[in-house]
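Data first, discussion second: the structure below is written as structure tokens.
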Amino acid sequence: MFKDLVRKSRSYRRFYGDKEITAEQLRELVDLGRLSPSGANRQPLKYILINSRQMNKKIFENIAWAGYLKDWDGPIPEERPTGYIIMLRDNSINKALTMDEGIAAQSIFLGAADMGLGGCYIGNFKKERIKELLEISDNFDIALVIALGYPKEEVVLEDIVENGDIKYWRDENQVHHVPKRTLEQVIIKEV
């Protein structure tokens with residue numbers, strides 16, 4: 001059952017734009033991030049939760065989607081995320097990027113999958129513009145933008161082929177294919 005949850009915890013880039021995410025759902029997801037392990041138990045992560053249509057639109061305008069899909073500018077308005085979690089690093093606690101961001105983000109994604117939601121980690125965004133929009137002080141750095149919604153697309157995991165290409169792609173039916181290394185390819189040694 002847990003493996004199924006991990007399989008569902010994919011990057012989705014198209015959503016049912018008419019299915020809203022509630023503030024309570026976002027709070028529950030951030031609570032999972034809060035409860036996650038933290039290096040030296042510093043707990044430097046803070047969050048801004050967004051589910052208003054007006055702010056969703058503004059955030060969307062300041063992020064980039066799917067670098068490998070060169071001919072795609074991101075989801076059309078009817079397929080955009082209906083919620084965002086802006087993950088911040090509190091510089092008064094820890095200025096450096098740590099493992100905490102990844103651990104908390106994965107907990108959030110697993111929780112989203114359990115709720116029937118999907119999301120996408122966004123690392124390519126206009127940092128200063130988003131800080132300005134959300135009135136984020138210089139005490140914080142934006143570590144990650146997490147886009148969330150009810151997935152409208154199918155994501156298929158498949159083994160990497162002989163040429164080793166890791167780039168995800170879409171077929172003619174808009175099914176999103178994600179190459180993954182096989183278990184044999186990632187285990188170097190069993191002792």
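Any read-out appearing in this document is the output of simple, stated calculations on the displayed coordinates, not a laboratory observation. Note that the coordinates shown come from a computational prediction; the quantities given were computed from them, not determined experimentally. Note that we place each Cβ from the backbone using ideal geometry, even for glycine, and neighbour counts take in every protein chain shown.
Structure summary
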| item | result |
| --- | --- |
| Helical segments meeting 15 Å axial Cα length and Kyte-Doolittle -0.5 threshold in the chain (DSSP H) | 23-35, 100-114 |
| Base-10 log of normalised Debye intensity for segment 117-191 (one unit scatterer per alpha-carbon) at q = 0.18 Å⁻¹ | -0.90 |
| Kirkwood Rh, Cα atoms: Rg over Rh of segment 48-127 | 0.97 |
| ³J(HN,Hα) computed for each position of segment 135-147 - Karplus, 6.51 cos²θ - 1.76 cosθ + 1.60, integer Hz, glycine/proline x | 6, 8, 6, 5, 5, 10, 10, 7, 8, 6, 10, 10, 8 |
| Ranked by how many other beta carbons lie within 10 Å on average, peptides 26-34, 153-161, 103-111, 46-54 from highest | 103-111, 26-34, 46-54, 153-161 |
| Number of Lys pairs (Cα under 18 Å; 8 or more positions apart or on different chains) in segment 2-153 | 14 |
| Helix-only [θ]222 nm of the chain, DSSP H runs n ≥ 4, -39500 (n - 2.57) each, per residue, nearest 500 | -8000 deg cm²/dmol |
| Average projected area [Cα convex hull, segment 2-153], square nanometres | 8.9 nm² |
| Under 12 Å from the Val178 label point (7 Å along Cα→beta-carbon), backbone N, segment 31-55 | none |
| Proxy reagent accessibility, fewest Cβ within 10 Å first, across Met115, Met99 | Met99, Met115 |
